[in-house]
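*Asks:* Got a structure for you, questions after.
The values are calculated or read from the model by the stated rules, or taken from the named source; none is laboratory data. Just so we're clear, the structure is a prediction, and the values are computed from it rather than from any experiment. So basically every Cβ, Gly included, is an ideal-geometry build from the backbone, and we count neighbours across all protein chains shown. The accessibility values were calculated without ligands, DNA or RNA, using every heavy atom of the protein model including side chains. Shrake-Rupley method; radii C 1.70, N 1.55, O 1.52, S 1.80 Å.
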Amino acid sequence: MFSSAAELKALAPWKQRKTIVFMTDFGSADGAVSAMHGVADSVCQDLRLEDMTHEIPQFNIWEASYRLLQTLPYWAPGTVFVCVVDPGVGSDRESVAVLTASGHIVVTPDNGTLSHVAKKIGILERRRISETENRLKDSQRSYTFYGRDVYAYTGAKLASGLMDFESTGPLLETEPLMLEIEDPKIENSFIFGTIDVLDTRYGSLWTNIPDTLFFESGISYGDEVYVSVSKKDRLVFGYRMKVCKNFSEVSVGEPLLYINSLLNVGIALNQGSFAKTYRIGTGGDWKISIKKVDPVR
């Protein structure tokens, strides 16, 4: 981690990395993503252009924020992330570029996309992108594709070293717009958390409860726990399940609790979609509680 923006800017690792990672809710059915790549390539043909995902559910800022946190730490310092989930495109919401304490740059609308990174990693400096100066030539009459015209263009200028970070625009002293993110806790023998996101392809629930807190409660692999999931105090699911190291420890179609690849508590059905079966979503409104079931004596 870097301790100051000055230290990070003195090294300017993005000039050596020359790498951009794109994330959007655009999908891949049309040419939108390719157009963003094309803009970056036109700025500098030496850039490495990679895609995190373009399958964020439309307008889902919460999931964009979480996926950014999920992925960013695994890329080397200096990587530039262009993240565009922008239901307010063309409005008065800010466009920003930020330096994270991990040494990355994120170019994004300031609409909550930075929430998880700001809370878990930290932001050293945040600048308002000048949307009149830092944008694709002759794009001023377009108000609905800032991902191409402003964010891909600005990200490429930064990653290529053709523009210093200070040149993105004025320094912002205020905090970024933050989504409400609750911390997990143990209270009266219950573990409380939220359903942050899905393991999308398989339908498992990924919570914000870290394995350290989970096992601190006295629960061990092989134990049985009672899990309840609710949305706005309405119970959606409540059932017992086993704490497992892998999915094969229960029968096909049976639920289980496991520790996912991010070392957080996950809830799954063996060879099934837990989220689809029980119609469970994600975000701050979706709560989970876990309690160890005492063995019958």
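*Asks:* Just a yes or no: is a residue in segment 287-295 surrounded by fewer than 16 Cβ atoms within 10 Å (Cβ to Cβ), out of contact with any strand residue (DSSP E or B) (no Cβ under 7 Å at 6 or more places or on another chain), of a type in the set (Asp, Glu) and over 18 Å from Pro184 (Cβ atoms)?
*Replies:* Yes: one or more hits.
*Asks:* State whether one or more residues within segment 82-102 are crowded, with 17+ Cβ neighbours inside 10 Å, part of a strand (DSSP E or B) and small (Gly, Ala, Ser).
*Replies:* Yes.
*Asks:* Moving on. Quick check: anything in segment 49-68 among the hydroxyl-bearing types (Ser, Thr, Tyr) and either without any contact (Cβ under 8 Å) to a residue 12 or more places away in the chain or in contact with a Pro (Cβ under 7 Å, 6 or more places away or on another chain) (or both)?
*Replies:* No, there is no match, as no residue in segment 49-68 is among the hydroxyl-bearing types (Ser, Thr, Tyr) and either without any contact (Cβ under 8 Å) to a residue 12 or more places away in the chain or in contact with a Pro (Cβ under 7 Å, 6 or more places away or on another chain) (or both).
*Asks:* Where the second residue is polar (S, T, N, Q) and open to solvent by 30 Å² or more (accessible area, probe 1.4 Å) and the first is more than 17 Å from Gly218 (Cα to Cα) and in contact (Cβ under 8 Å) with a residue 60 or more places away in the chain and lies in segment 178-195, which pairs have Cβ atoms under 9 Å and are six or more apart or on separate chains?
*Replies:* Once the first residue is more than 17 Å from Gly218 (Cα to Cα) and in contact (Cβ under 8 Å) with a residue 60 or more places away in the chain and sits in segment 178-195, its partners that are polar (S, T, N, Q) and open to solvent by 30 Å² or more (accessible area, probe 1.4 Å) give Thr194/Thr282; Ile195/Thr282.
*Asks:* Still on this structure, please answer the following. Right, Gly283: out of contact with any Pro (no Cβ under 9 Å at 6 or more places or on another chain) and open to solvent by less than 10 Å² (accessible area, probe 1.4 Å) or not?
*Replies:* It is true that Gly283 is out of contact with any Pro (no Cβ under 9 Å at 6 or more places or on another chain) and open to solvent by less than 10 Å² (accessible area, probe 1.4 Å).
*Asks:* Looking at segment 277-291, which of its residues are of a type in the set (A, V, I, L, M, F, W, C), more than 18 Å from the chain's Cα centre (by Cα) and assigned to a strand (DSSP E or B)? Quick ask: steps written out before the conclusion?
*Replies:* Within segment 277-291, the subset of a type in the set (A, V, I, L, M, F, W, C) is 280, 286, 288, 290.
Filter once more, so that each one left must be more than 18 Å from the chain's Cα centre (by Cα): 280, 288, 290.
Correct list: Ile288, Ile290.
*Asks:* Then there's this: Give me the residue from segment 201-231 that is small (Gly, Ala, Ser) and assigned to a strand (DSSP E or B) and, out of that set, farthest from the chain's Cα centre (by Cα).
*Replies:* Pass one, segment 201-231, residues small (Gly, Ala, Ser): 203-204, 217-218, 220, 222, 228, 230.
If we keep only those that are assigned to a strand (DSSP E or B) too, we end up with 204, 228, 230.
Details: Ser204: 17, Ser228: 25, Ser230: 22 Å.
Only one residue tops the list, namely Ser228.
*Asks:* What are the residue pairs meeting all of these: first residue in segment 235-251, first residue at negative phi and of a type outside the set (Ser, Thr, Tyr), second residue modelled with pLDDT of 95 or more and in a helix (DSSP H, G or I), Cβ atoms under 8 Å, and 6 or more apart or on different chains?
*Replies:* Val236/Tyr278; Phe237/Tyr278; Lys242/Glu249
*Asks:* So is Ala97 within 15 Å of Pro176 (Cβ to Cβ), of a type in the set (Gly, Ala, Ser) and over 13 Å from the mean Cα position of the chain (by Cα) or not?
*Replies:* For Ala97, the condition - within 15 Å of Pro176 (Cβ to Cβ), of a type in the set (Gly, Ala, Ser) and over 13 Å from the mean Cα position of the chain (by Cα) - is met.
*Asks:* Mind listing just one residue for me: the one in segment 9-46 that is assigned to a helix (DSSP H, G or I), closer than 26 Å to Ile123 by Cβ and small (Gly, Ala, Ser) and, of those, modelled with the lowest pLDDT?
*Replies:* Restricting to residues being assigned to a helix (DSSP H, G or I), closer than 26 Å to Ile123 by Cβ and small (Gly, Ala, Ser), the top hit is Ala10.
*Asks:* What's the number of the condition Gly222 fails, among (1) touching a helix residue (DSSP H, G or I) at 6+ places or on another chain (Cβ under 8 Å); (2) without any contact (Cβ under 8 Å) to a residue 24 or more places away in the chain?
*Replies:* (1)
*Asks:* Run down Ser189, Ser167, Ser251, Ser217 and say which single residue is open to solvent by 40 Å² or more (accessible area, probe 1.4 Å), closer than 30 Å to Thr132 by Cα, small (Gly, Ala, Ser) and out of contact with any Ser or Thr (no Cβ under 7 Å at 6 or more places or on another chain).
*Replies:* Ser167
*Asks:* Okay, moving on. Among the residues of segment 156-195, which ones are in a strand (DSSP E or B) and either in contact with a Pro (Cβ under 8 Å, 6 or more places away or on another chain) or over 19 Å from Leu114 (Cα atoms) (or both)?
*Replies:* Correct list: Lys185, Ile186, Glu187, Phe190, Ile191, Phe192, Gly193, Thr194.
*Asks:* What number goes with the only condition from (1) open to solvent by 30 Å² or more (accessible area, probe 1.4 Å); (2) farther than 15 Å from Thr24 by Cβ; (3) of a type outside the set (A, V, I, L, M, F, W, C); (4) modelled with pLDDT under 85 that Asn134 does not pass?
*Replies:* (1)
*Asks:* Using the structure shown, decide if Tyr151 is open to solvent by less than 10 Å² (accessible area, probe 1.4 Å) and in contact (Cβ under 8 Å) with a residue 40 or more places away in the chain. Break it down stepwise before answering.
*Replies:* Numbers: open to solvent by less than 10 Å² (accessible area, probe 1.4 Å): yes; in contact (Cβ under 8 Å) with a residue 40 or more places away in the chain: yes.
It is true that Tyr151 is open to solvent by less than 10 Å² (accessible area, probe 1.4 Å) and in contact (Cβ under 8 Å) with a residue 40 or more places away in the chain.
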